[in-house]
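Structure in structure tokens, see below.
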Amino acid sequence: MIDDVLLDMDGTLLDRHFDNFFFEEELPRRYARLQELPFEEARDRLMTMYRSVEGELAWTDLHYWSRRVGIDVVALHKELDHMIGFLPGAEEFLRALRRLGKRVTIVTNAHRAGVDVKTAKTGLDRYVDRIVDAFEVGYLKMRPEYWPACRELIGFDSKRSLYVDDDELCLAAAREFGLGWIIHSAKSSSQLPPAPSAGFPSVERLSSLVRAS
């Protein structure tokens with residue numbers, strides 16, 4: 001029996017194409033213009049910056065990146081919000097969870113400023129009981145410290161909870177913690193082919209979980 005459904009946001013409910021485009025193409029393009037660099041050099045610099053804080057809260061902190069690169073990253077999110085949208089099957093899945101009476105919580109590594117832009121564009125918050133960002137917990141989801149802190153914050157029963165994410169490092173941390181039901185989202189971006197997991201059960205559309213139950 002599942003009481004709580006814990007869902008990642010980007011790459012699980014929302015199309016990760018936006019984030020991939022933003023951080024791998026558009027932000028490097030703007031940074032190249034600002035620094036008067038060739039695009040490839042600018043992108044390489046940013047990728048090195050990203051890797052330097054991977055796994056830390058700064059990795060997803062939009063205000064941190066605004067300061068570090070000298071570009072208003074939150075304003076740029078708003079400028080490109082026409083690219084933000086649900087993955088196929090996600091809204092159907094969320095509506096089904098409502099009908100089933102499950103408590104639904106989004107657990108995301110995203111920064112609250114980014115969450116606000118995405119919920120304003122999609123209305124995602126209307127489908128769920130709560131959105132918990134990593135800054136509220138104090139850790140990113142791939143860190144072992146995340147899950148005990150998250151459980152204390154939300155109050156879920158680990159054995160009666162389903163967790164879905166496209167990030168296998170986050171799923172591995174959840175499995176180590178002892179979450180009862182874990183599913184991998186294999187189709188994180190509308191512009192990329194599915195990438196099923198070798199270590200976790202995978203689905204390409206969340207709506208298939210409802211049809212299979």
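Which of the residues belonging to region 110-135 are in contact with a Leu (Cβ under 7 Å, 6 or more places away or on another chain) and more than 23 Å from Ala96 (Cα to Cα)?
His111, Ala113, Gly114, Ala134, Phe135
Which of the residues belonging to region 29-61 are aliphatic (A, V, I, L, M) and in a helix (DSSP H, G or I)?
Our first condition is that a residue be aliphatic (A, V, I, L, M); within region 29-61, this holds for 32, 34, 37, 42, 46-47, 49, 53, 57-58.
The answer is Ala32, Leu34, Ala42, Leu46, Met47, Met49, Leu57, Ala58.
Now for a separate question. Given the criterion at negative phi and touching a Pro at 6+ places or on another chain (Cβ under 8 Å), identify the matching residue among Ala58, Ala42. Even if it seems obvious, please write down each step before you answer.
Numbers: Ala58 fails: touching a Pro at 6+ places or on another chain (Cβ under 8 Å).
The match here is Ala42.
Name the single residue, out of those in region 101-125 being of a type in the set (S, T, N, Q) and open to solvent by 10 Å² or more (accessible area, probe 1.4 Å), that is nearest to Gly11 (Cα to Cα).
Residues of region 101-125 that are of a type in the set (S, T, N, Q), as a first pass: 105, 108-109, 119, 122.
Add one more test, that the residue is open to solvent by 10 Å² or more (accessible area, probe 1.4 Å), and what stays is 109, 119, 122.
On the way: Asn109: 11, Thr119: 15, Thr122: 14 Å.
Residue satisfying both the conditions and the ranking: Asn109.
Something else about it: Find all pairs meeting these conditions: Cβ atoms under 8 angstrom apart; at least six residues apart or on different chains; first residue within region 181-194 and over 14 Å from Glu168 (Cα atoms) and open to solvent by less than 30 Å² (accessible area, probe 1.4 Å); second residue at pLDDT 95 or above and among the basic types (Lys, Arg).
Partner pairs satisfying both residue conditions: Ser189/Arg16.
Here are the criteria: (1) over 23 Å from Arg143 (Cβ atoms); (2) of a type outside the set (Ser, Thr, Tyr); (3) touching a residue at least 12 places away in the same chain (Cβ under 8 Å). Tell me which single one Leu37 does not satisfy.
(3)
Quick check on my filter: what residues within region 20-59 are out of contact with any helix residue (DSSP H, G or I) (no Cβ under 9 Å at 6 or more places or on another chain) and buried (at least 18 other Cβ atoms within 10 Å of the Cβ)?
Correct list: empty.
I've got another one for you. Under the condition of being touching a helix residue (DSSP H, G or I) at 6+ places or on another chain (Cβ under 6 Å) and not small (Gly, Ala, Ser), which residue from region 87-100 is surrounded by the most Cβ atoms within 10 Å (Cβ to Cβ)?
Initially, region 87-100 is screened for residues touching a helix residue (DSSP H, G or I) at 6+ places or on another chain (Cβ under 6 Å), giving 89, 92-94, 96.
From the residues that got through so far, the ones that are not small (Gly, Ala, Ser) too are 92-94.
Details: Glu92: 16, Phe93: 26, Leu94: 23.
In this case the residue turns out to be Phe93.
The values are calculated or read from the model by the stated rules, or taken from the named source; none is laboratory data. Because the structure is a prediction, the values reported are computed rather than measured. For neighbour counting, all protein chains shown are included, and Cβ atoms are generated from backbone atoms with ideal geometry for every residue, glycine included. Ligands, DNA and RNA are stripped out before the accessible areas are found, and what is left, the full protein with its side chains, is counted by its heavy atoms. Shrake-Rupley method; radii C 1.70, N 1.55, O 1.52, S 1.80 Å.
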